[in-house]
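The values are calculated or read from the model by the stated rules, or taken from the named source; none is laboratory data. None of the values given here were measured: they were computed from a predicted structure. All Cβ positions, even for glycine, are placed from backbone atoms using ideal geometry, and neighbour counts span all protein chains on display. Side chains are part of the model used for accessible areas, which takes the heavy atoms of the whole protein and leaves out ligands, DNA and RNA. Shrake-Rupley method; radii C 1.70, N 1.55, O 1.52, S 1.80 Å.
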Amino acid sequence: PVNQEVAVSVTLKNTPQVMVRLFEINTLGYFQSQKRPLNTDLPLDGWVANAEQRHDGESSPFLRYTRPFRFPELQGKRGAWIVEIIGGGRSSRALLRRGGFSLLQSNGPGGDLIQVLDENARVVTNAVAWLDGRKWEADPKDGRIQIPFTATPGRRPIVLSDADGRLASLAEFEH
């Protein structure tokens, strides 16, 4: 759930100092350009971290220990972030996702009807769908998005977003 505390536990050894960097991902822009699921292989060169922490490690180079790194700034927020942990000459990454969208699809008289659901299976009435570069907005009365039938049916990636583009998810759409 979005209101829970966010923490990443890492097992460390021979790391006198650990740097933890948090990068927020523009999910709408990513899904529109990449049309593939998020992962940790994003090139972060040139990105500015949204948050950065420095921690002192254990003094013994022989001791292996597990340490949680907490991110209170993410409590109550929805979106996606990459956590980069650097220490002892090594770097590791983790992908954090909080919230997301899925879709229910049905046929209507003028095309396919989509209802966008949030992570709690509630209908998102101000949802937006991006398909083949076009933006389709939900009907404010029932929250459904109507996408006209096409002459070239098939499976396509569709980007589902809230109205302001703050959170987006990638889904499969049978058109």
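Exactly one residue out of Gly110, Gly46 is modelled with pLDDT under 95 and open to solvent by less than 70 Å² (accessible area, probe 1.4 Å): that is Gly110. Where strands (runs of 3 or more DSSP E) fall entirely within the range 1-116, those with at least 3 residues that are within 15 Å of the chain's Cα centre (by Cα) are at 17-25, 79-87, 90-98.
In this structure, Pro157 does not satisfy being open to solvent by 80 Å² or more (accessible area, probe 1.4 Å), farther than 17 Å from Gly99 by Cα and either in contact with a helix residue (DSSP H, G or I) (Cβ under 9 Å, 6 or more places away or on another chain) or assigned to a loop (DSSP other than H, G, I, E, B) (or both). For the range 3-24, the criterion of a residue being surrounded by fewer than 15 Cβ atoms within 10 Å (Cβ to Cβ), charged (D, E, K, R) and on the phi < 0 side of the Ramachandran plot is satisfied by at least one position. Candidates are the residues of the range 130-154 that are surrounded by 10 or more Cβ atoms within 10 Å (Cβ to Cβ) and of a type in the set (S, T, N, Q); the one that is farthest from Leu28 (Cα to Cα) is Thr150. Filtered by the rule that a residue be within 14 Å of Phe69 (Cα to Cα), β-branched (Val, Ile, Thr) and touching a strand residue (DSSP E or B) at 6+ places or on another chain (Cβ under 6 Å), the range 1-41 gives Val8, Val10, Thr11, Val18, Val20. Considering every residue within the range 58-77, establish whether at least one is closer than 30 Å to Arg156 by Cβ, surrounded by 13 or more Cβ atoms within 10 Å (Cβ to Cβ), basic (Lys, Arg) and modelled with pLDDT under 95. Yes: one or more hits. Of all residues in the range 78-107, those that are within 16 Å of Asn26 (Cβ to Cβ) and either among the hydrophobic types (A, V, I, L, M, F, W, C) or surrounded by fewer than 18 Cβ atoms within 10 Å (Cβ to Cβ) (or both) total 8.
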